[in-house]
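Since the structure comes first, as structure tokens, the remarks are kept for the end.
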Amino acid sequence: MSDEKRFYLTTPIYYVNDAPHIGHAYTTLACDALARFMRLDGYDVFFLTGTDEHGQKVEKSAQAAGIEPQAFTDRVSKNFRDLAEAMNFSNDAFIRTTEPRHARASQAIWQALMDNGHIYLGLYSGWYAVRDEAFYDESELADDAQGVKRAPSGAEVEWVEEPSYFFDLSKWQDRLLAFYDANPDFVAPASRRNEVVSFVKGGLKDLSISRTSFNWGVPVPDDPGHIMYVWLDALTNYATAVDYPDTESQAFSNYWPCDLHMVGKDILRFHAVYWPAFLMGAGIAPPRRVFAHGWWTNEGQKISKSIGNIIDPLDIVERYGLDQVRYFLLREVPFGNDGDFSHRAMVNRINGDLANDLGNLVQRVVSMLHRYFDGVIPEHSAGHRDADRDLLDAAEGLLETCRSRMREQAFHEALDAVWAVIRQANAYVDHQAPWARIKEDRVRTGAILATLIQTIRRIAILLQPYMPESAGRMLDQIAVDPERRAFANLGRADSVPPGTALPKPSPVFPRLREEAEGAA
Ligand code: ME8
């Protein structure tokens, strides 16, 4: 059992049929911000991501590339690891479903389901979409303009008829509904929870969990002519990574059950219906929460390879800067909703929130400190006036607000709260006008600047999860000891002491110039 100060969170494991794009980067980024937040808040965090390397879809992509599936998955999986590095993701592990330990775990979960009487052999006949690696009911399909049958996702389906093992999902309706009832936060956001509950209320059919028509996957124990359904194999990765089937291990006892599976809305059903049923069937505790976020489009259009508008995260990072992209993705769209990536929205965020609000605040304060106090934090009695106290209290109150917002995965609201204090600090600078005050009252000017430094310190500490590198540079600029940047250091006791010399200033968030006007 994981105790209160431990947190295990996961991204989906991504299919290696294709290069990573902005959607994959988004999910992992959200997890990264949360993982960093929890670590700074004193949690022992285990943050997992990885790649889903089995199944027909990957097998077909390897064939199309003219290489063996293993060599193909080695290559594409590496792109996802490279992305994690380029995006400054702090995942603690990267799992690949082609690892031998994962075949062991998948077979163990299968065996547990078998031993508990939840698997039987039958014959599957029905529709299958390789792109989604999912079975569909006839009633869910529609013909497109060319008369091709398609799943609700738009994926083409094919008729499949073969011997198959089944999981007795039809028997799980009541247990799942009772589980959702007892755990009202299990599926988030609330609208998604309702979707899941009504899907389960609509009745469940037994699920085909093996295939005989291809080879690229984990063989069924004692019947290697069958390959495990890729989703049963894939979902098991979350348990493999914490040593399942060794439930006595340190990792398993520390981190299981998983605190949060972060997924896109496309794969909610697998995580919120099938996965808890598999786990309960195998006698393993189900996860605590599944959050399904929304879908990104590009300048209003669906992102797709056929349209040719895939956004490569590395391209936009190169164009706008890493922390700028991280900030934009987390701030622009209420987390859970769909969002649109547009050049104009990106430029507005960079120039408005980052350059004008935050960059300017830091720049003004630090340069005044250099100009009026030779870059040395003055002796002061900051916080004696009401205006000082208001600002300091607002910054101090941020931790609780951010905590509660992050607990709900409301990243945009956490950032909004920080920005309210940034704007308050800018208004305070304007109002206190240290550039005028310095002429008559040096002591008071010192107190104003010290109040601002303290405020910036708190803001930058709290921004580390979202923009680790830039927040780190802001903290460097105001000489905050690298050992004192955790949330436990937000209190007054860890203020930068008077007499501390600040390093030479340099702007953290430059404006994007000509681009703002040129933006379509
Ligand atoms: O489904 N907007 O892998 P996958 C937002 N292997 N998020 C997006 C997105 C978009 N336009 N496109 C992709 C699989 N995503 C399975 C998962 S887990 C046991 C197995 C993100 O490579 C989003 O998180 O198709 C979505 O759920 C995931 O990528 C799908 O990745």
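Would you check the accessible area of S306, probe 1.4 Å, heavy atoms only, in square angstrom rounded to 10?
110
Enter the accessible area per residue of segment 316-454 (Å², integer; probe 1.4 Å; all protein chains in place). Let's see the in-between values first.
Working: 5560 Å² over 139 residues.
Per-residue value: 40 Å².
Please list 3J(HN,Hα) in residue order for segment 217-233, calculated via the Karplus relation 6.51 cos²θ - 1.76 cosθ + 1.60 where θ = phi - 60°; whole Hz, with x for glycine and proline.
Each residue's phi maps through the Karplus curve to give x, 8, x, 5, x, 6, 8, x, x, 9, 9, 4, 3, 4, 6, 5, 4 Hz.
Provide the per residue accessible area, probe 1.4 Å, for segment 202-303, rounded to a whole number of square angstrom.
Accessible area per residue: 32 Å².
Calculate the length of the line joining the C-alpha centroid of segment 230-275 to that of segment 292-346, in whole Å.
Here the answer is 27 Å between Cα centres.
What shape does segment 142-207 take by its C-alpha gyration tensor, where a ≥ b ≥ c are the square roots of the eigenvalues and a/c under 1.5 counts as rounded, a/b above b/c as prolate, and the rest as oblate?
Oblate is the answer for segment 142-207, as a/c is 1.5 or above yet b/c matches or exceeds a/b.
Please compute the Kirkwood hydrodynamic radius over segment 260-327, one decimal place, Å, based on all pairs of different Cα atoms. Display every interim value, and only then the final one.
On the way: mean 1/r = 0.0677 Å⁻¹.
For segment 260-327, the Kirkwood estimate is 14.8 Å.
Nearest 10 degrees is fine. How inclined is helix 386-407 to the longest principal axis of the chain, computing both from alpha carbons?
Roughly 10 degrees between the two axes.
Please find the FRET efficiency linking S170 to E483, where r is the Cβ-Cβ separation and R0 is fixed at 45 Å, and quote it to the nearest 0.05.
Result of the calculation: an efficiency of 0.20.
Please report the Cα spread of segment 377-520 along all three principal axes, rounded to whole Å, starting with the longest.
Result for segment 377-520: principal-axis Cα extents of 48, 40, 28 Å.
Could you give the dipole magnitude of segment 240-319 about its Cα centre, charging the beta-carbon of Lys and Arg +1 and that of Asp and Glu -1, in debye to the nearest 20?
Rounded to the nearest 20 debye, it is 400 debye.
Under a no-solvent Debye model with one identical scatterer per Cα of segment 75-158, what's log10 I(q)/I(0) at q = 0.16, 0.21, 0.25 Å⁻¹?
-0.94, -0.96, -1.07
So how much slack lies between A182 and D386, counting 0.36 nm per residue of separation and subtracting their Cα-Cα distance, in nm?
Values: separation 204, 0.36 × 204 = 73.44 nm, distance 4.70 nm.
Additional length available on full extension: 68.7 nm.
Set Lys and Arg Cβ to +1 and Asp and Glu Cβ to -1, take the dipole of the chain about its Cα centre, and tell me which of N426, A84, G472 lies farthest positive.
Towards the positive end, the residue furthest out is N426.
I'd like the distance separating the alpha-carbon centroids of segment 118-179 and segment 451-520, in whole Å.
If we compute the Cα centre of each part, the gap is 52 Å.
Ranked by accessible surface with a 1.4 Å probe, highest first, in what order do R405, R211, R371 come?
Final ranking, largest accessible area leading: R371, R405, R211.
In whole Å, what are the extents of segment 279-390 along the principal axes defined by its C-alpha atoms, from largest to smallest?
63, 45, 24
Tell me the relative contact order for the chain as a rounded percent, counting alpha carbon contacts under 8 Å between residues six or more apart.
RCO, the chain: 15 percent.
Calculate the FRET efficiency for L121 and E408 from the Cβ-Cβ distance with a Förster distance of 41 Å, rounded to the nearest 0.05.
Here the calculated transfer efficiency is 0.40.
Out of the total accessible area of the chain (probe 1.4 Å, heavy atoms of protein only), what percent is carbon and sulfur?
C and S fraction of accessible area: 49 percent.
Per the helix-only calculation at 222 nm, which mean residue ellipticity applies to the chain, given -39500 (n - 2.57) for every DSSP H run of n ≥ 4 and division by its residues, nearest 500 deg cm²/dmol?
Result for the chain, helices only: -13500 deg cm²/dmol.
Considering only lysines 8 or more places apart in sequence, or on different chains, count the pairs in the chain whose C-alpha atoms sit under 23 Å apart.
The result is 19.
With angles folded into 0 to 90 degrees, how steeply does helix 22-40 sit against the dominant principal axis of the chain? Use alpha carbons for both and round to 10.
Long axis of 22-40 versus the principal axis of the chain: about 60 degrees.
Given a Förster distance of 25 angstrom, what is the FRET efficiency for E68 paired with A19, based on the Cβ-Cβ distance and rounded to 0.05?
0.85
Need one number: nm distance between label points at D441 and V376, each 7 Å from Cα along Cα→Cβ, rounded to one decimal.
Distance between label points: 2.4 nm.
Residues with amide H under 5 Å of S210's amide H, sequence separation 5 or more or different chain, H placed in the peptide plane at 1.01 Å from N; which?
The answer is Y165, Y229.
Using only the Cα atoms of segment 18-113, build the gyration tensor, take square roots of its eigenvalues as a ≥ b ≥ c, and label the shape rounded, prolate or oblate: rounded if a/c is under 1.5, else prolate if a/b is larger than b/c, else oblate.
Note, shape of segment 18-113 comes out oblate.
Scaled to the compact-protein estimate 2.2 N^0.38 Å, what is the alpha-carbon radius of gyration of segment 112-255, rounded to two decimal places?
Values: Rg = 17.4 Å, N = 144, 2.2 N^0.38 = 14.5 Å.
Here the answer is 1.20, to two decimals.
For A86 and D144 in the same chain, what is the full-extension length gain: residue separation times 0.36 nm, less their Cα-Cα distance, in nm? List each step's numbers first, then the result.
Numbers: separation 58, 0.36 × 58 = 20.88 nm, distance 3.95 nm.
Here the segment from A86 to D144 would lengthen by 16.9 nm.
Order the following by accessible area, largest value first: D185, D52, D441. Probe radius 1.4 Å; ligands, DNA and RNA are ignored.
Heavy-atom accessible area, descending, gives D185, D441, D52.
Treat each spin label as a single point 7 Å out from the Cα along the C-beta direction, and report the A93 to D222 distance in nm.
In this crude label model, A93 to D222 measures out at 2.8 nm.
Which value, in Å² and to the nearest 10, is the accessible area of R150 when all protein chains are kept and the probe is 1.4 Å?
70
I need the P(r) histogram for the chain: all alpha carbon pairs, bin width 20 Å from 0 out to the longest distance, whole percents.
Values per bin, smallest distances first: 21, 48, 24, 7, 0.
If I ignore ligands, DNA and RNA and count only protein heavy atoms, how much of E140 is accessible to a 1.4 Å probe, in Å² to the nearest 10?
Its heavy atoms expose roughly 60 Å² to the probe.
Looking at the chain only, what percent of DSSP beta bridges run antiparallel? Nearest 5 please.
Antiparallel bridges make up about 50 percent of those DSSP assigns within the chain.
The values are calculated or read from the model by the stated rules, or taken from the named source; none is laboratory data. Since we're looking at a predicted model, the values are computed, not measured. Cβ sites come from the backbone with ideal geometry, for glycine too, and all protein chains shown count toward neighbours. What goes into the accessible areas is simple: the full protein's heavy atoms, side chains included, and nothing from ligands, DNA or RNA. Shrake-Rupley method; radii C 1.70, N 1.55, O 1.52, S 1.80 Å.
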